[in-house]
1. Do we find a residue being in the same structural domain as residue 151 (by TED's automatic domain parsing), at pLDDT below 85 and touching a helix residue (DSSP H, G or I) at 6+ places or on another chain (Cβ under 7 Å) anywhere in the stretch 216-223?
2. Taking the stated definitions as given, is residue 271 modelled with pLDDT under 75 and either assigned by TED's automatic domain parsing to the domain that holds residue 189 or closer than 30 Å to residue 161 by Cβ (or both)?
3. Out of everything in the stretch 54-81 that is under 22 Å from the mean Cα position of the chain (by Cα) and farther than 25 Å from residue 147 by Cβ, what residue ends up being modelled with the lowest pLDDT?
């Protein structure tokens, strides 16, 4: 409405100073000026909001009360179970884009925003502790998420090897008002603010390749204490007997039809000394 009014005024001014082209220019300028003032005084800017990656829940693989704790020797792969978890932190990152009303072709007016769209993307961080096995372990050599080997060195974590005198994790200690358990004799790993975006916004299902020696309460290792090893597998009934044992097939009249030695381990089939 204001554009039409100013167009008429502009046309009249142009016609006053000269007909033809001046009247057309006056109408053109008056219409755009009137539209500009109408938008400034009466138009309400449109605002849109769009959200992405907004999740309502997450699935946890936790250790239930009474669940067995893995006890390993040597090197093996162990599935981890969550024994402590903090609330999930969500970080909202917002960006905005605006659309503007078109400018006149022959002159410029101040820019006027037609609409603004706010884009909000959510990122999630989680702090949690995962039980590995009974301690004390020597090291962790590999970590899997499902069946994929991952590099955890890029994340903030603390490994507790399960010693008898290990102390509580400071993050858990702070969250539990200095009453956190130390999980002594239990090997576990604590991740602080793990970005779930690296795991498709799901809590990872982690397993670990762990090396652990037998806990012998002395100054000698298992390797020092082993004096001998039986190399022949005990896969028979008489394999360790020092007396030669024989299997015979007897005919009906009592004669020996066939005979087989069951436990001879030497060329002469003599009893072991």
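1. yes
2. On the way: modelled with pLDDT under 75: yes; either assigned by TED's automatic domain parsing to the domain that holds residue 189 or closer than 30 Å to residue 161 by Cβ (or both): no.
Spelling it out, it is not the case that residue 271 is modelled with pLDDT under 75 and either assigned by TED's automatic domain parsing to the domain that holds residue 189 or closer than 30 Å to residue 161 by Cβ (or both).
3. Going through the qualifying residues, I end up with 54.
The values are calculated or read from the model by the stated rules, or taken from the named source; none is laboratory data. This one's a predicted model, so the numbers in the text were calculated from it and none came from an experiment. When we count neighbours, we look across all protein chains shown, and the Cβ atoms used for this are built from the backbone with ideal geometry, even at glycine.
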